[in-house]
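Taken together, the values in this text are just the output of simple stated rules run on the coordinates, not laboratory data. Values in this document were obtained by computation on a predicted structure and should not be read as measured data. Cβ atoms come from the backbone with ideal geometry, glycine included; neighbour counts cover every protein chain shown.
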Amino acid sequence: MSQKSMIKRACEVMPGGVNSPVRCWQSVGGAPLLIASGNGTELAAVDGSRYLDFCGSWGPLILGHAHPEVVEAVQRTAAEGLTFGATTVQEIEFAELLLECIPYVDQVRLVNSGTEAVMTALRLARGVTGRTRILKFDGCYHGHSDAVLVSAGSGLLTGGRASSDGISADTARQTLVAPFNDLDRVADVMAAKGDDIAAIIVEPVAGNMGLIPPADGFLEGLRELSTKHGALLIFDEVITGFRLGPTTFGAIHGVTPDITCLGKIIGGGMPIGAIAGPRRIMEHLAPVGAVYQAGTLSGNPIAVAAGLATLRILHESDPYADICRRATAMSVRLNSHFENADLNAWCAQLGGMFTIFFTRPPVHNLQQAKTSDTTQFAAYFHHMLSRGVYLPPSQFEVSFTSAAHTDAEMDRFARTVIEVVDLMKAENVKSQR
Ligand SMILES: *Cc1c(COP(=O)(O)O)cnc(C)c1O
């Protein structure tokens, strides 16, 4: 059966043919690939075509596809039973390892996705503080629960606007939305509404409007303002946890949040999420405290086995310096080419996270990210695909390099980007004549 007829079949039985919207390639056009398998850095589509992968399943695959030790741990565990709905030894070991890696947390609760982690963190923050409102940042994504599917409304102090149908205006109004990296605006909001704000939630490195690192002093400022006004600071580290070092970004950067949300990498490719924090906060959760939270498959043996195997490998082999060195060499090379060729492009990069924006720097917030030429991005995406490189199919996503990406593969990537942007420049010149 051809790939095209398979996609048609998918669209009959699943809305848009997908189980998560960005998979349908809406923003780049064309028919999405149907994936058959992955191995290391390589993805194979059902039509037999092969790609060097920089999507990494949107973040979890820091060891590459089908790492033998992770697969073996899953197979061994599966043979002993898939789920018990009761605590296992591996869960305890997993929690202990997480806590060993993150210096400022005492306890962890496992859930099944990043969305669930954030939802739980917000309820916990409201339960601990007895307050209602949340402050988030425009362009940060925190999963698809009601409270955080909210974008900037007409005024900073009047609350946000639901960014999806099906979310009540009342719910959206409880979430205030400030521009990322703008501490002055946060200070204004806290001065006016601080008494009613349960939590400030932020991706400490923004990864869902393309890659945007925090400005100097931004996270430190959020920490100060939260403390001053009695709000909790939540770092959503669903992407950044174990992405830039064998710990959280908060630990690397030296800013301690009250609650940390984790997901993606800590599940090693299986569905997982977690919230972690100091005992005085975590023990507000049921059954010790009065903030209710539960899950039939929470901490299930398979996800824990994949996560434990992944974290052990990261903890012991510490591939981060190599990942960072390779990605930095790539971004320096690309940016010097973009500059020399006078191209409207910029490669933002931090460790093994990067985004090529089709705009000029600086890109410090959503408004600046949105100046990117998404038509150019779509052309770039398809040129890269036709040369065997698979990227996240949207300008406003992060690409990932894994421990499996070699120097030769990073070189191939950089050469391909340069070839493609030069080709696009020539095409643009021609079309303008
Ligand atoms: C992916 C992501 C989530 C949501 O996680 P899911 O497992 O997809 O529910 C939350 N926050 C951030 C920062 C993410 O990147």
> So what's the Cα pair-distance distribution over region 321-401, bin width 10 Å, in %?
Replying inline: 18, 51, 30, 1
>> Which residues does the label zone of Arg50 cover in region 381-398, counting backbone N under 19 Å from a point 7 Å along Cα→Cβ?
In response: 384-391
> Pulled fully out, how much extra length does the chain show between Arg161 and Thr371, if you take 0.36 nm times their separation in residues and subtract their Cα-Cα distance?
Replying inline: 73.4 nm
> Cα centroids of region 1-78 and region 182-260: how far apart, whole angstrom?
Replying inline: 32
>> On the principal axes of its Cα set, how long, how wide and how thick is region 1-124? Give whole Å, largest value first.
In response: 50, 36, 29
>> Projecting each Cα onto the charge dipole of the chain (Lys/Arg +1, Asp/Glu -1 at the beta carbon, about the Cα centre), which of Met190, Thr247, Pro361 comes out farthest on the positive side?
In response: Pro361
> Want the number for Asp322 to Thr416: 0.36 nm per residue separation, take away the alpha-carbon distance, what's left?
Replying inline: 31.7 nm
>> Which residue fluctuates most in the GNM of the chain (Cα springs below 10 Å): Gly289, Gly59, Gly143?
In response: Gly289
> When only C-alpha pairs under 8 Å and at least 6 residues apart count, what is the relative contact order of region 64-209, in percent?
Replying inline: 23
> Looking at the chain, what % of its DSSP beta bridges pair antiparallel, to the nearest 5?
Replying inline: 60
> Once you put a point 7 Å from the Cα of Ile252 and another 7 Å from the Cα of Arg23, both along the Cβ direction, what distance in nm separates them?
Replying inline: 2.8
> What are the lysines whose alpha-carbon lies under 27 Å from the alpha-carbon of Lys193, with same-chain residues fewer than 8 places away excluded?
Replying inline: Lys136, Lys228
>> If you take every DSSP beta bridge fully contained in region 68-316, what fraction is antiparallel? Give it as a percent rounded to 5.
In response: 40
> trypsin sites (Lys or Arg not before Pro) within region 206-261: which are DSSP loop residues with at most 15 other Cβ atoms inside 10 Å?
Replying inline: none
> How big is the Kirkwood radius of region 1-58, worked out from every pair of different alpha carbons and given in Å to one decimal?
Replying inline: 12.2
> Taking the Cα-to-Cβ direction at Arg360 and at Leu297 and moving 7 Å from each Cα, how far apart do the two end points lie in nm?
Replying inline: 4.9
> Any idea what the dipole of the chain comes to, in debye rounded to 20, about its Cα centre with Lys/Arg Cβ at +1 and Asp/Glu Cβ at -1?
Replying inline: 920
> Running Debye on region 68-316 with equal point scatterers at the Cα sites and no solvent, what base-10 log of I(q)/I(0) appears at q = 0.08, 0.11, 0.13, 0.16 Å⁻¹?
Replying inline: -0.29, -0.55, -0.77, -1.13
> Counting pairs of alpha carbon atoms under 8 Å apart in space and at least six apart in sequence, what relative contact order in percent does region 1-153 give?
Replying inline: 10
>> Can you tell me which of Ser317, Ser298, Ser113 moves the most in a GNM of the chain? Springs connect C-alpha atoms under 10 Å apart.
In response: Ser317
> How would you rank Met384, Met14, going from fewest to most other Cβ atoms within 10 Å of each one's own Cβ?
Replying inline: Met14, Met384
>> Can you give the FRET efficiency to the nearest 0.05 for Val288 and Asp195, using r as the Cβ-Cβ distance and R₀ = 35 Å?
In response: 0.80
> What does the charge count near Ile167 come to, summing +1 for each Lys or Arg and -1 for each Asp or Glu among other residues with Cβ under 15 Å from its Cβ?
Replying inline: 0
> How big is the charge dipole of region 137-214 about its Cα centre, in debye rounded to the nearest 20, if each Lys and Arg gets +1 on its Cβ and each Asp and Glu gets -1 on its Cβ?
Replying inline: 80
>> Looking at the chain as a GNM with Cα springs under 10 Å, which of Ala369, Ala404, Ala191 has the largest mean-square fluctuation?
In response: Ala191
> Where the only charges are on Cβ atoms (+1 Lys, Arg; -1 Asp, Glu), what is the dipole of region 68-316 about its Cα centre, to the nearest 20 debye?
Replying inline: 500
> When all C-alpha to C-alpha distances in region 257-327 are sorted into bins of 10 Å, what percent of pairs does each bin hold, rounded to whole numbers?
Replying inline: 18, 36, 34, 10, 2
> Using the alpha-carbon centroid of each, what span in Å lies between region 345-371 and region 268-297?
Replying inline: 34
> Relative contact order for the chain: what is it in percent, counting Cα pairs under 8 Å that are at least 6 residues apart?
Replying inline: 21
> How much length, in nm to one decimal, is gained on full extension between Phe84 and Glu12, taken as 0.36 nm per residue of separation minus their Cα-Cα distance?
Replying inline: 22.4 nm
> What ranking of Leu297, Leu149 emerges when the number of other C-beta atoms within 10 Å of each C-beta is taken as an exposure proxy, fewest first?
Replying inline: Leu297, Leu149
>> Tell me which of Ser20, Val105, Ser164 sits at the most positive position along the dipole axis of the chain, charges placed on C-beta atoms (Lys, Arg +1; Asp, Glu -1).
In response: Ser164
> Under a straight-distance cross-link criterion of Cα-Cα below 12 Å, which aspartates and glutamates are reachable from Lys4, leaving out those fewer than 8 residues away in the same chain?
Replying inline: Asp47
>> As an exercise, use a Förster radius of 41 Å and the Cβ-Cβ distance of Lys228 and Ser2 to find the FRET efficiency, rounded to the nearest 0.05.
In response: 0.10
> If you project the alpha carbons of the chain onto their three principal axes, what span does each projection cover, largest first, in Å?
Replying inline: 64, 55, 45
>> Quick check on packing: order 359-368, 244-253 by the mean number of other C-beta atoms within 10 Å, highest mean leading.
In response: 244-253, 359-368
> Around Leu43, what is the net charge, scoring Lys/Arg as +1 and Asp/Glu as -1 over all other residues with Cβ under 9 Å from its Cβ?
Replying inline: -1
>> Which one, Pro214, Gly268, His382, is farthest towards the positive end of the dipole of the chain when Lys and Arg carry +1 and Asp and Glu -1 on their Cβ?
In response: His382
> Where does the chain land at 222 nm, in deg cm²/dmol rounded to the nearest 500, when only DSSP H runs of n ≥ 4 count, each adding -39500 (n - 2.57), divided by all residues?
Replying inline: -12000 deg cm²/dmol
